[in-house]
1. So in the range 96-120, with the set limited to residues that are in a loop (DSSP other than H, G, I, E, B) and at pLDDT below 95, which one is least open to solvent (accessible area, probe 1.4 Å)?
2. Got at least one residue in the range 78-95 being crowded, with 18+ Cβ neighbours inside 10 Å, under 17 Å from the mean Cα position of the chain (by Cα) and under 23 Å from GLU47 (Cβ atoms)?
3. Take the range 65-77 and flag every residue that is surrounded by fewer than 19 Cβ atoms within 10 Å (Cβ to Cβ) and polar (S, T, N, Q).
4. Please verify whether ASP197 is of a type in the set (D, E, K, R) and within 23 Å of ARG52 (Cα to Cα), treating the condition exactly as stated.
5. Of everything in the range 163-184 that's under 18 Å from LEU147 (Cα atoms) and in contact (Cβ under 8 Å) with a residue 60 or more places away in the chain, which residue is most open to solvent (accessible area, probe 1.4 Å)?
6. Could you say which residue among ARG149, ARG203, ARG107 is touching a residue at least 24 places away in the same chain (Cβ under 8 Å) and closer than 17 Å to TRP68 by Cβ?
7. The conditions are (1) in contact (Cβ under 8 Å) with a residue 40 or more places away in the chain; (2) open to solvent by 60 Å² or more (accessible area, probe 1.4 Å), and ILE124 fails exactly one of them. Which is it?
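The values are calculated or read from the model by the stated rules, or taken from the named source; none is laboratory data. Note that the structure is predicted; figures quoted are calculated from it, not measured. So basically every Cβ, Gly included, is an ideal-geometry build from the backbone, and we count neighbours across all protein chains shown. The protein model used for the area step is the full one, side chains on, heavy atoms only, and it has no ligands, DNA or RNA in it. Shrake-Rupley method; radii C 1.70, N 1.55, O 1.52, S 1.80 Å.
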Amino acid sequence: MTTASGSPSSPSSPSSSPSCSPRRRPRPPLRSRRGRRPLRRWCAMTEMTMRRAHIGDHGTIVECVRTWWGDSRTPEQARELSLLLPRLFLQFFSGTSLVLEDTGRIRAFLVGFHAADNDDEAYIHFVGVDPALRGRGVGRELYTAFLRRAAEAGRREVRAITSPGNTGSVAFHRAMGFTVETGDREVDGLSVHSDYDGPGQHRVCFLRRIADSPSPQRA
């Protein structure tokens with residue numbers, strides 16, 4: 001399930017592997033020297049490095065999920081959310097997943113893969129962004145990189161899902177050029193697929209056609 005951000009940070013990991021960003025207060029918006037206008041969002045990315053994920057990131061990413069979502073969920077709920085990222089995703093799909101680092105600390109990640117049963121589709125499974133970077137275009141940067149790489153690999157469609165109540169995710173995907181696929185019911189005016197992930201687990205399904213989709217809008 002595609003999702004995004006949570007609460008800052010976590011205990012540091014061993015020095016041999018990346019760690020989550022330390023707990024900190026969210027930074028105020030970056031501003032120009034004259035202090036009049038926020039700088040362009042990409043300026044916030046200049047000190048970070050994007051790379052392919054690798055299996056050694058798994059423990060750190062799980063810890064990031066448990067801590068970044070700690071401000072909106074109980075520890076048990078955050079732990080359950082982290083179970084959506086078993087090790088197999090980074091064992092078999094690290095080459096199509098992405099990590100954004102800042103001085104050796106993971107600040108954001110995207111776990112996605114290319115379909116094995118066909119040569120046309122790709123899927124974004126889970127996205128996380130350090131809450132201190134909310135509103136700075138980090139999620140957009142990850143999605144854009146994934147879409148570009150999927151297109152370069154010959155994929156023509158990218159899919160994702162979210163919960164009907166996750167209005168932020170719905171708005172984000174629409175701004176990124178995704179359309180909502182017609183389901184079998186409506187929830188608050190939104191087309192939903194009933195029991196998509198099991199009884200009572202309704203989902204909103206998104207589709208973006210890479211070849212003919214409009215450019216992402218500014219959110």
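1. Only one residue fits best here, namely GLY104.
2. no
3. Passing the criteria: SER72, THR74, GLN77.
4. no
5. Filtering first and then ranking leaves PHE172.
6. Only one candidate passes the filter, namely ARG107.
7. If we test ILE124 against (1) in contact (Cβ under 8 Å) with a residue 40 or more places away in the chain; (2) open to solvent by 60 Å² or more (accessible area, probe 1.4 Å), just (2) comes out false.
To keep it simple, each residue is scored yes or no on (1) closer than 12 Å to ALA122 by Cβ; (2) part of a strand (DSSP E or B); (3) out of contact with any Asp or Glu (no Cβ under 9 Å at 6 or more places or on another chain).
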{"residue": "ALA151", "(1), (2), (3)": "yes, no, yes"}
{"residue": "GLY154", "(1), (2), (3)": "yes, no, no"}
{"residue": "ALA160", "(1), (2), (3)": "yes, yes, yes"}
{"residue": "GLY168", "(1), (2), (3)": "no, no, yes"}
{"residue": "ALA171", "(1), (2), (3)": "no, no, yes"}
{"residue": "GLY177", "(1), (2), (3)": "no, no, yes"}
{"residue": "THR182", "(1), (2), (3)": "no, no, yes"}
{"residue": "VAL192", "(1), (2), (3)": "no, yes, no"}
